[in-house]
Amino acid sequence: MSKEDKFKKVISHAKEYGFVFQSSEIYDGLSAVYDYGQNGTDLKNNIKDYWLKAMVQLNDNIVNIDSAILMHPKIWKASGHVDAFNDPLIDNKDSKKRYRADVLIEDYISKIDNKIQKEISKAKKKFGENFDKEQFVSTNSRILNYNNKISDINKVFSEALEKDDLKALKKLIEDLEIACPVSGSKNWTDVKQFNLMFGTKLGASAESAMDLYLRPETAQGIFVNFLNVQKTSRLKIPFGIAQIGKAFRNEIVARQFIFRMREFEQMEMQFFIKPGTQQEWYAKWKENRLAWHLSLGLGEDNYRFHDHDKLAHYADAACDIEFNFPFGFKELEGIHSRTDFDLTSHEKFSSKKIKYFDTLSNESFTPYVLETSIGLDRMFLAIFSKSLIEEKLEDGSSRTVLKFPKILAPKKVAVLPLLKKDGLPELSKQILEEFKWDYNCVYDEKDAIGRRYRRQDALGTPYCLTVDHQSLEDRTITIRDRDTMKQQRLTVQEVKNKIKTELDLKSWLTF
Ligand code: ATP
């Protein structure tokens, strides 16, 4: 299946099985805004929970808050968003399609990078166990050429971004002969800056209304509450404040399903530290966040770090954890060393003292901040797209299965009476009653059992419990594992123990 087909399959499966719907669909939809359906909402909540447990429950120096979406407009002046939260846009004059100039260039670079990856996997196949990747990459002439090309482009690209030189960005697009993917033409407009914040108004009358913004990130809600939380929690540095919440960005181009939305959710954590210790904490949080991702078992090869060449105005080091999405490696999470930029700036704009008093050294200082920021919807897409598998079976048939990490599956248990008679539905409902206190369960008695298994596979339910005539006699049931399709006859208690062991948070989150 081609990458495009795989991605289309992800989108259609998400809709067909109640995970993600286009917002306002009966009114022809609202671009880059999505609704989560009954199963998508469960999956999303489980991802939030997995993040929160790892971040807050397991760390006694990290707390969780929920700040408002609407905030005082000066906050966005102080944070730099009013002046600098821009993306460079460019239009193609023939297709009239709008693009982010930086993304056009990044996509061009990823195409070269894909060629490198292809060369590597070809060589890996050819040389088998003797393959030495490092040596191959440093000596193969084609790869060396590709890498030289990438570094030449990156040099011009980062210089243009650094200096906000929009003319240089356009020239680079022209020099690389980048064509519009829709019209195929290279007939581009000039590059312009575009602010991504959504404006809104607070107040009853037009004259007295105050101009506000919908927050473009959750982080500022944490910074402006730094003192409130520190004083009321009495936490000592180093400590963190976490938050999950909506953010809004008027994205120029939003054509990649829930990867780039105009309304989305972020899971952010700001870790307040002593100035001078930021390098150490940056390395620690990079390691910790990658370990969190790997704990889900989607495959180490699907993640990579990308260090930023161009740093945002607030950062002294930054990288992304990129994930291998159906359309290639793209940012999933950002890890940023934000220095004391935000707290210092809020101190200046609010004229309130925002300092931390260290009782050990008897001195006050502005803490430095290490941020981890992940998009919940992107995490959803990462998990959903990697879990969706078309599997050929031994008997020649095939099945569509969502092999979610079991801990995140929307429904954990499906209880299925083999037949809709002979007291099997009644016993099934008694068994459902025993499981529903601990797990999200479903009950399904429609259609033949094989079809019901397929339905649960397509929803990603890890355990199907089938109740048959023998169950009436000895209270044993059959547990079918989603991934192996193996069936085992066990007592209800044994099934409970098995599921409890397999979903034990400790075994997932110990890293
Ligand atoms: P990008 O370069 O893809 O626009 P960004 O660098 O602007 O992303 P950050 O400001 O670092 O993103 O935001 C932190 C995280 O929020 C990102 O890693 C991403 O997972 C998520 N995110 C950002 N913008 C969007 C969006 N429009 N839709 C969905 N998730 C988003």
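The values are calculated or read from the model by the stated rules, or taken from the named source; none is laboratory data. Because the structure is predicted, anything quoted here is derived from the model rather than measured. Positions of Cβ are backbone-derived with ideal geometry, glycine not excepted, and every protein chain shown enters the neighbour counts.
Quick look at the values:
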read-out	value
Filtered residue count, the range 433-464, keeping only those that are part of a loop (DSSP other than H, G, I, E, B) and of a type in the set (A, V, I, L, M)	1
Residues of the range 311-350 satisfying the condition of being more than 9 Å from the ligand (Cβ to nearest atom) and acidic (Asp, Glu)	316, 322, 340, 342, 347
Members of the range 208-238 that are within 18 Å of residue 338 (Cβ to Cβ) and among the acidic types (Asp, Glu)	217
The range 238-254, residues that are within 13 Å of the ligand (Cβ to nearest atom) and either in contact with a Leu (Cβ under 7 Å, 6 or more places away or on another chain) or part of a strand (DSSP E or B) (or both)	243, 244, 245, 246, 247, 248, 249, 250, 251, 252
Filter result (crowded, with 23+ Cβ neighbours inside 10 Å and touching a Gly at 6+ places or on another chain (Cβ under 7 Å)) within the range 367-414	402, 404, 409, 410
Selection status of residue 266, under 15 Å from residue 371 (Cβ atoms), within 12 Å of the ligand (Cβ to nearest atom), among the polar types (S, T, N, Q) and in the same structural domain as residue 223 (by TED's automatic domain parsing)	yes
Enumeration of residues in the range 188-237 that are modelled with pLDDT of 95 or more, among the aromatic types (Phe, Trp, Tyr) and in a strand (DSSP E or B)	188, 213
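So that you can scan it fast, the table gives a plain yes or no per residue for (1) under 26 Å from residue 110 (Cβ atoms); (2) surrounded by 21 or more Cβ atoms within 10 Å (Cβ to Cβ); (3) touching a residue at least 40 places away in the same chain (Cβ under 8 Å):
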residue	(1), (2), (3)
316	no, no, no
329	yes, no, yes
335	yes, yes, yes
342	no, yes, yes
349	no, no, yes
364	no, no, no
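Quick grid of which residues meet (1) in the same structural domain as residue 269 (by TED's automatic domain parsing); (2) more than 26 Å from residue 327 (Cβ to Cβ):
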| position | (1), (2) |
| --- | --- |
| 363 | yes, yes |
| 369 | yes, yes |
| 378 | yes, no |
| 385 | yes, no |
| 455 | no, yes |
| 465 | no, yes |
